[in-house]
Amino acid sequence: MNMKRISAERAVQYIKDGMKVGLGTGSTAYWAIQKIGERVKEGLSIQAVATSKASERHAAELGIPLIPFSQIEHLDVTIDGADELDSHLQLIKGGGGALLREKIVAFHSHKLIIIADESKFVDKLGRFPLPVEVIPFAVEWTLHSLQQLGCRPQLRTDGEKLFVTDNGNYIADCQFGSIDSPTDLQKQISGIPGIVDHGLFIGLADVAVIGHSDGSVAIVERK
Ligand code: 5RP
């Protein structure tokens, strides 16, 4: 049973003719883009923006109409994955390294739908190391400041080299363990110069569509 695929395909049902749609990034968002591509071939009329170069290429290959950001003010809906989510729809994102673009797109979307398999749903965020996008300049100082918040930051690598985001920055994966207050932590992280953004998405997701191993799908709405 492909839990990522069933959650993605269920979420695509929210997309209607004429909508402006944000396309997420990652292996779950992949299935949403595939399904949107199928529906476009069947006549669905939408305009889309992507949260990464990879998703943009994927959408273009499937003939999904892509529109420059300058030509739209907001999105009706964005469908994106997550690395962890809790019952308040607080998220950790950025496992694929696209957290900055994903957050910009999420912020400007009327509805953010999160798609995930059941393994991503947790009681408390923090088992997944929190991805933080950092400017390469003086990165050692930035990592030191992150460490002082109580984590073990590790610069993400891609083979022998450091991983570089679509924006030319690095990702520090920060193992915090269980996060008691994601809201407090995001304030503390945002106060460190050199940090572009982080993978805590608080108050952004509206709905989660979670795929289960028995083939069922659960819909969780933000209270
Ligand atoms: C990319 C992300 C992804 O949505 C997240 O990592 C989940 O990925 P996947 O669907 O491959 O498990 O935030 O930056």
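The values are calculated or read from the model by the stated rules, or taken from the named source; none is laboratory data. As the structure is a computational prediction, the values presented were derived from the model and not from experiment. So basically every Cβ, Gly included, is an ideal-geometry build from the backbone, and we count neighbours across all protein chains shown. For accessibility, only protein heavy atoms count, side chains too; no ligands or nucleic acids. Shrake-Rupley method; radii C 1.70, N 1.55, O 1.52, S 1.80 Å.
Work out how much length Leu155 to Ser216 would gain on full extension: take 0.36 nm times their residue separation and subtract the Cα-Cα distance, in nm to one decimal.
Full extension from Leu155 to Ser216 adds 18.2 nm.
For a quick check, take a GNM of the chain with Cα springs below 10 Å and name the residue from Lys103, Lys120, Lys16 with the largest mean-square fluctuation.
Lys16
Fully extended, how many nm does the chain gain between Asp17 and Glu118 (0.36 nm per residue separation, minus their Cα-Cα distance)?
On the way: separation 101, 0.36 × 101 = 36.36 nm, distance 2.96 nm.
Extending this stretch completely gives an extra 33.4 nm.
Assuming a viscosity of 1.567 mPa s and a temperature of 4 °C, what translational diffusion coefficient in µm² per second does Stokes-Einstein assign to the range 130-196, Rh being the Kirkwood radius over Cα pairs?
D = 107 µm²/s.
Comparing Leu162, Leu112, Leu66, which has the greatest mean-square fluctuation in the GNM of the chain with Cα pairs linked when under 10 Å apart?
Most flexible of the set in this elastic network: Leu162.
Using a Gaussian network model of the chain with C-alpha springs under 10 Å, which one of Gly96, Gly150, Gly22 is most mobile by mean-square fluctuation?
Sorting by GNM fluctuation, first place goes to Gly150.
Return the calculated 222 nm mean residue ellipticity for the chain, to the nearest 500 deg cm²/dmol, obtained by summing -39500 (n - 2.57) across DSSP H runs with n ≥ 4 and dividing by the residue count.
-8000 deg cm²/dmol
Roughly how far apart, in whole Å, are the Cα centres of the range 139-180 and the range 74-120?
Computed from Cα coordinates, the inter-centre distance equals 20 Å.
Principal axis lengths of the chain from Cα atoms, whole Å, largest first?
53, 37, 34
Within the range 1-22, list the residues whose amide N lies under 17 Å from a label point set 7 Å along Cα→Cβ of Asp166.
What the label zone holds, given the 17 Å backbone N cut-off, is 21-22.
With contacts defined as alpha carbon pairs under 8 Å and 6 or more residues apart, what's the relative contact order of the chain in percent?
24 percent
Compute the length gained on full extension between Arg57 and Ala138: take 0.36 nm times their separation in residues and subtract their Cα-Cα distance, giving the result in nm to one decimal.
25.9 nm
Does anyone have the angle between helix 27-41 and the longest principal axis of the chain? Alpha-carbon axes, 0 to 90°, nearest 10?
Computed tilt is about 20 degrees.
Treat every Asp and Glu Cβ in the range 130-196 as -1 and every Lys and Arg Cβ as +1, leave all other atoms uncharged, and give the resulting dipole magnitude about the Cα centre to the nearest 20 debye.
Computed about the Cα centre, the dipole is about 100 debye.
Between the range 1-62 and the range 181-223, what is the C-alpha centre distance in whole Å?
20 Å
As a quick test, which of the pairs Lys35/Lys103; Lys35/Lys161; Lys20/Lys41; Lys35/Lys124 have an alpha carbon distance above 28 angstrom in this structure? Provide the component values of the computation, followed by the final result.
Values: Lys35/Lys103 23 Å; Lys35/Lys161 34 Å; Lys20/Lys41 17 Å; Lys35/Lys124 31 Å.
Correct reply: Lys35/Lys161; Lys35/Lys124.
Within the accessible area of the range 130-196, what % is carbon and sulfur when the probe is 1.4 Å and the other protein chains stay in place?
Accessible surface attributable to carbon and sulfur in the range 130-196 totals 50 percent.
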